Each structure stands twice: as structure tokens, then as C-alpha cells.
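> Right, I'll just put the structure down here and ask away after.
The values are calculated or read from the model by the stated rules, or taken from the named source; none is laboratory data. Keep in mind that this is a model prediction, so the values were computed, not measured. A quick note on method: Cβ atoms are made from the backbone with ideal geometry, for glycine too, and the neighbour counts reach across all protein chains shown. Side chains are part of the model used for accessible areas, which takes the heavy atoms of the whole protein and leaves out ligands, DNA and RNA. Shrake-Rupley method; radii C 1.70, N 1.55, O 1.52, S 1.80 Å.
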Amino acid sequence: GRCHDRFPSVGMLICFAAYREADAEYVARLRARAADLRVAPNVLLHTQPGRFLPVLAAADVFVRPTTTDGDANSLREALALGVPSVASDAVARPASTYTFATRDLDDLGRQTRTALRDGAAQGAIRAERPARLAFSDADQRRFADYVALLAQAAGCDIGPDHAPEVVA
């Protein structure tokens, strides 16, 4: 709710990399919590298999709030795509990561808000993102579906700068 108060059209996409039926109860709890916080229309829980990179490329910020971790591929991928990234200080992080104190929700909120509004992160980094990403036609269609669902859930317009060009 804290970021939502300052950025009412912000959406959150939670991807389950290896979703199993056993996760259904956890997903139901996440949906209920989002409803309790009055942000359910802004939260999309994605449980279908698929490639994560096209979704990540469209993000305005990537958040990795782990309590233990290693050298996270998803964090390095986000940074390589120019997506401002927020991660816990559970382990050493790349220098350009916005880090927050592990288990400190206030600090997580501060760093996420900073990443979202940081002019340099939103302008210069987005401008440096790769103009061409190699995605198959099927990936491009999935990507467009993810972006449309996220935009609908967030009640915002996601412009054409979010769509990677398909490279044959």
C-alpha cells in the first residue's frame, strides 16, 4: 500500500518460476492480502510457465526481497536490461542495485520509491536499454498479453517504449 499511495497506477506482477499445485494455497493468501490492502486490481499473479525475460524487459522496477540469496541471475538480467533494481542486502549486490536492509519493510518501500522516481534511473537507464531484443513471435505475443494484463490491472497506459522489437 505505501508505494500505491504515492504511485496509484503502479502495478505489481509476481511471477512464479516453478509454480506447482501445492502453491495454490499460497497464491490464494497473496490474493487475499492484496484485497485486504485494497490493491488487488493492481496485482497480477502469474503462474503459467513461460520466459521471464520479455516480462522483465517491460518492468519499471525489479524487486528481489529475499532474506537469503546468492548471485541472482534475475537481478543481473534486470540490470543488464536497464531496469532499476531493488534487492535486499542479504548478500553483496552489483553496485547499481538499490539495496535495502533485509526484512526492513520501511527501507524496502523507501528504496522502491527511490528507484521508481529517480530521474536518472527512469530517464537515462531506460534510454540505454537495448533497442532490439531477440524474442520469438510466440514470446512476443505472450509479452504483449502480460503487458496488457498488467496495464489493465494497474489501470494505466503502458506506452510503446515498453515493447521490445521482435528480431527474426
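> Once amide H atoms are placed 1.01 Å from N in the peptide plane, what residues at a sequence separation of 5 or more from Ala87, or on another chain, have their amide H within under 5 Å of its amide H?
Residues meeting the amide H criterion: Arg64, Tyr98, Thr99, Phe100.
> Would you work out the charge dipole size for the stretch 2-42 about its Cα centre, treating the Cβ of every Lys and Arg as +1 and the Cβ of every Asp and Glu as -1, and quote it to the nearest 20 debye?
180 debye
> From the residues Leu79, Thr67, His46, which one has its Cα farthest along the dipole of the stretch 43-122 in the positive direction, the dipole being from +1 and -1 charges on Cβ of Lys/Arg and Asp/Glu about the Cα centre?
His46
> For Asp107 and Arg20, FRET efficiency with R0 = 30 Å and r from the beta-carbon atoms, rounded to 0.05?
That gives a FRET efficiency of 0.45.
> Probe radius 1.4 Å, ligands and nucleic acids left out: which of Ser85, Ser96 has the largest accessible area, and how do the rest follow?
Of Ser85, Ser96, the descending order of accessible area is Ser96, Ser85.
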